[in-house]
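A.B. asks: Have a look at this one before I ask anything.
The values are calculated or read from the model by the stated rules, or taken from the named source; none is laboratory data. What you are looking at is a predicted structure, and each value in this text was computed from that prediction instead of being measured. Please note: Cβ atoms are built from the backbone with ideal geometry, for glycine as well, and neighbour counts cover all protein chains shown.
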Amino acid sequence: MAFTFFFRDHDALEQAAEALCERFEQGGALRVWDAGCATGEEPFSLAMIFAERISYWDLPRLHIDATDIDESGSNQFREIIANGVYDTRAVDSVPPGLVERYFRKNGGGDLVEVDYRIRECVSFQRHDLLSLEPVGGDYDLIVCKNVLMHFSPDQQTEVVRMFHGCLRRDGILAMDQAQQVPEDLRAAFVPLSPRGCVFRRADASK
């Protein structure tokens, strides 16, 4: 099972959402690709972060394509994400106040369920990043954290090049703090974070 938790790398997600809120407030929809979503805690966290900045009732304008290779062999990630049900201990990392707003008790056991409007923002499909075949295009935001470290330098370059081609002009790429844009692609991204984990696409070329 992949390792993840709610609101992991919270600051990077917050900064990425902040950079896109103006676009959302102008009435447009937002398209997000969370590449390497594991069991869904990250895309759900991102949807909650957006919900805190925009009207809860505007959430249908947010669509998150959540993908992972899911080597379980049983499409386990899809089931977990579709149901949005987690152990109560999973919400220990959720900021105060958000548990009450975005989680509900699931039955009488030690389970919680993600709010249905948050769940409806996220759709899962199995995907291998090394196929270099994008799941979509014209994304406002691509999130890929704690994934590229498992690839060779050449593979990292090709995957980030693919991300660049999938982003709309001025789209945002958010990665983990340990990950840098490959040297060959430095001119294609402008860092928005002093720690260099959130970047804006610099131009429209691939």
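A.B. asks: Looking at segment 1-53, which of its residues are part of a helix (DSSP H, G or I), among the charged types (D, E, K, R) and at pLDDT 95 or above?
C.D. replies: Hits for segment 1-53 are GLU41, GLU42.
A.B. asks: Another question, if that's okay. Among the residues of segment 55-70, are any touching an Asp or Glu at 6+ places or on another chain (Cβ under 6 Å) and of a type in the set (Gly, Ala, Ser)?
C.D. replies: Yes, some residue in segment 55-70 is touching an Asp or Glu at 6+ places or on another chain (Cβ under 6 Å) and of a type in the set (Gly, Ala, Ser).
A.B. asks: OK, next. I'm trying to understand the selection: among the residues of segment 162-206, which are among the hydroxyl-bearing types (Ser, Thr, Tyr) and free of Cβ contacts under 8 Å to residues at least 40 places away in the same chain? Can you show your working first?
C.D. replies: Just the residues of segment 162-206 that are among the hydroxyl-bearing types (Ser, Thr, Tyr), to begin with: 193, 205.
Listed by number, the list holds a single entry, SER205.
A.B. asks: I'm checking my understanding of the structure. Among residues of segment 76-122 that are farther than 23 Å from HIS10 by Cβ and outside any helix (DSSP H, G or I), which one is modelled with the lowest pLDDT?
C.D. replies: Step by step, filter segment 76-122, then rank; the result is GLY108.
A.B. asks: Further question on the same structure: Would you point out the residue of segment 138-157, among those that are surrounded by fewer than 16 Cβ atoms within 10 Å (Cβ to Cβ) and farther than 24 Å from SER45 by Cβ, that is nearest to the chain's Cα centre (by Cα)?
C.D. replies: Only one residue tops the list, namely GLN155.
A.B. asks: Let me ask something else about it. Quickly run through segment 156-194 and pick out the residues that are in a helix (DSSP H, G or I), of a type in the set (S, T, N, Q) and closer than 18 Å to TRP33 by Cβ. Outline the logic, then answer.
C.D. replies: Step one: filter segment 156-194 for residues in a helix (DSSP H, G or I), giving 156-166, 183-188.
Retained after the next criterion (residues that are of a type in the set (S, T, N, Q)): 156-157.
Within segment 156-194, GLN156 is the sole residue that qualifies.
A.B. asks: Going through segment 89-124 one residue at a time, which ones are in contact with a Gly (Cβ under 9 Å, 6 or more places away or on another chain) and either under 19 Å from ALA35 (Cα atoms) or exposed (fewer than 15 other Cβ atoms within 10 Å of the Cβ) (or both)?
C.D. replies: Hits for segment 89-124 are TYR116, ILE118, ARG119, VAL122, PHE124.
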